[in-house]
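Worksheet: one structure, shown below.
Taken together, the values in this text are just the output of simple stated rules run on the coordinates, not laboratory data. A quick note: this is a predicted structure, and the numbers were derived from the prediction, not measured. Because the Cβ atoms are built from the backbone with ideal geometry, glycine has one as well, and the counts that use them run over all protein chains shown.
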Amino acid sequence: MGLTFRKLEVRDLREIESLITENVESVEPGLRIIDSCVLLGHARIDLVGLDSKDSLVLLALGFTANDEILLRVLDGYSWCLEYPDTIRRLYPKARTKVGRTERPPRVVFIAEATPDSFLRKLKQFSFPEVDCLRFLNLEVNGTAAVFFETV
């Protein structure tokens, strides 16, 4: 008997957040979620995590990667750079320094659709480490699964 696939509908952002949180090892081995729906300055960051090296990771989620999500992350990222002491207080397990040098957070965008225009704009920003993933929520032979693809 062959495999049967069916795309499952994702209805809201909180459902995307749950999919990511429950399947975080599929996003990146060693990544763990430590906070959600965080205000960094005036920017809402959907998920905050630590990677396998305990670096801070800002995760932005959406149905479509667009200008709003990009500007929101840029604002939150900039706030982290401007207030590193506050970040260290909020997330004491995060390695925010290497020697005397501040270590900026990594950025990860996760969306169902990632238009070429978003990727072009993303290249113009100077995030030292950024990843962009597309997700697909599936049912495989009656079992729910989520698939992440690097864009």
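In terms of Cα to Cα distance under 17 Å, which aspartates and glutamates are near enough to Lys7, apart from those fewer than 8 places away along the same chain?
Glu15, Glu112, Glu139, Glu149
Using packing as a proxy for protection, rank 120-129, 103-112, 59-68 so that the peptide with the highest average count of other Cβ atoms within 10 Å comes first.
Ranking the peptides 120-129, 103-112, 59-68 by packing returns 103-112, 59-68, 120-129.
Take each complete run of DSSP H in the chain, measure how far its Cα atoms stretch along the helix's own axis, and keep only those covering 20 Å or more with mean Kyte-Doolittle hydropathy at least -1.0; list them.
Long hydrophobic helices here: 67-82.
Excluding same-chain residues fewer than 8 positions from Lys97, which lysines have a Cα within less than 29 Å of its Cα?
Leaving aside lysines fewer than 8 places away in the same chain, those within reach of Lys97 are Lys53, Lys121, Lys123.
Beyond 29 Å, what share of the Cα-Cα pairs of the chain remains, rounded to the nearest whole percent?
Roughly 18 percent, once rounded to a whole number.
Pop the C-beta distance of Ser78 and Leu3 into the FRET formula with R0 = 41 Å and round what comes out to the nearest 0.05.
Result of the calculation: an efficiency of 0.35.
Which peptide among 138-145, 31-38, 76-83 comes first, and what is the full order, when sorted by highest mean count of other Cβ atoms within 10 Å?
Result, highest mean Cβ count within 10 Å first: 76-83, 31-38, 138-145.
Would you mind telling me the antiparallel percentage of the DSSP bridges in segment 29-151, rounded to 5?
If we restrict to bridges inside segment 29-151, about 65 percent are antiparallel.
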